[in-house]
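Student: Can you keep this structure in mind? I'll have questions shortly.
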Amino acid sequence: PNNTLAIHNTNLKTLQDGNLTLQATLGSIQSNILHVNVYWEVNGYRLPPMPDETLNNATLLGIDVNNNWVRDDVERKIYATYDREVERQLVLQSARLHQQRMADPESINKNASIWVMEPKKRWFGCMWYLYGAYEVNSDNHIEFIEEVTYNTKDRIRNYLKYNRALSGGVYGTENYYEVEGSCDFNVTKAVKADQ
């Protein structure tokens, strides 16, 4: 059985992206070979291919072929889970701050841990702005992004060390008001994509 293609009547549908080689056979007659590159594209944005799980999980940061500070497997899960573009962008902003924190080994020690709260404050400001302006409900965003980001023992250990470093601190969101400027993406463009 083929796990990459489905044929229904005369329609051929790809079930995953990647490089495909197609050739049709009818009796003893064979068609020319056709090589096709299939990409997952949403609203004109081409997602990176799904990385090899073993290679992706071999390091804390994993694979990020498009260098957008979101691990490729996490990016694809965000697009598969959230239908609204504005919601996807909000979750991608959260994924970026988690990835950047993991990339900075100094964020584990007590003093440097406070540094990473700045992008987190902006994310909270963006989240509350989108809730008020566009009714984006973010109830499960934090749980979702933590689940998909911290999916190996080493990543979980890193996250627990970071949380211990922040333990006992009080971190407010002062100076990050619920405004569009708290978002690190073009809110107008994301909202238009949803219309």
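The values are calculated or read from the model by the stated rules, or taken from the named source; none is laboratory data. None of the values given here were measured: they were computed from a predicted structure. SASA here: full protein model, heavy atoms, side chains in, ligands and nucleic acids out. Shrake-Rupley method; radii C 1.70, N 1.55, O 1.52, S 1.80 Å.
Student: Please enumerate, by chain and number, the lysines with C-alpha under 17 Å from the C-alpha of K153, excluding those fewer than 8 residues away in the same chain.
Tutor: Filter leaves K161.
Student: Pick from I145, I156, I29 the residue whose mean-square fluctuation is largest in a GNM of the chain, springs joining Cα atoms under 10 Å.
Tutor: In this elastic network of the chain, the residue with the biggest mean-square fluctuation among I145, I156, I29 is I29.
Student: Looking only at L130, L97, L22, which one moves most when the chain is put into a Gaussian network model with springs between Cα atoms under 10 Å?
Tutor: In this elastic network of the chain, the residue with the biggest mean-square fluctuation among L130, L97, L22 is L22.
Student: Right, next: Compute the convex hull volume of the Cα atoms of the chain, divide it by the residue count, and report the result per residue in Å³ as a whole number.
Tutor: 153
Student: Right, here's the next one. Which residue fluctuates most in the GNM of the chain (Cα springs below 10 Å): N56, N140, N32?
Tutor: N32
Student: Using just the helices of the chain, give the 222 nm mean residue ellipticity in deg cm²/dmol: DSSP H runs with n ≥ 4 each add -39,500 (n - 2.57), and the total is spread over all residues, rounded to 500. All intermediate terms of the calculation are to be shown ahead of the outcome.
Tutor: Numbers: 8 runs with 86 residues, N = 195.
It comes out at -13500 deg cm²/dmol, rounded to the nearest 500.
Student: Report the gain in length on full extension from E118 to Q16: 0.36 nm times residue separation, minus Cα-Cα distance, nm rounded to one decimal.
Tutor: Gain on stretching E118 to Q16: 32.9 nm.
Student: If the cut-off is a Cα-Cα distance under 12 Å, which aspartates and glutamates reach K192, setting aside same-chain residues fewer than 8 apart in sequence?
Tutor: Cross-link targets: E85.
Student: Give the accessible surface of the chain per residue, rounded to a whole number of Å², with probe radius 1.4 Å and ligands, DNA and RNA excluded. Mind showing how you got there, number by number?
Tutor: Details: 12220 Å² over 195 residues.
For the chain, the solvent-accessible area averages 63 Å² per residue.
Student: I'd like the accessible area for E178: 1.4 Å probe, protein heavy atoms, all chains in place, Å² to the nearest 10.
Tutor: Approximately 120 Å² for this residue.
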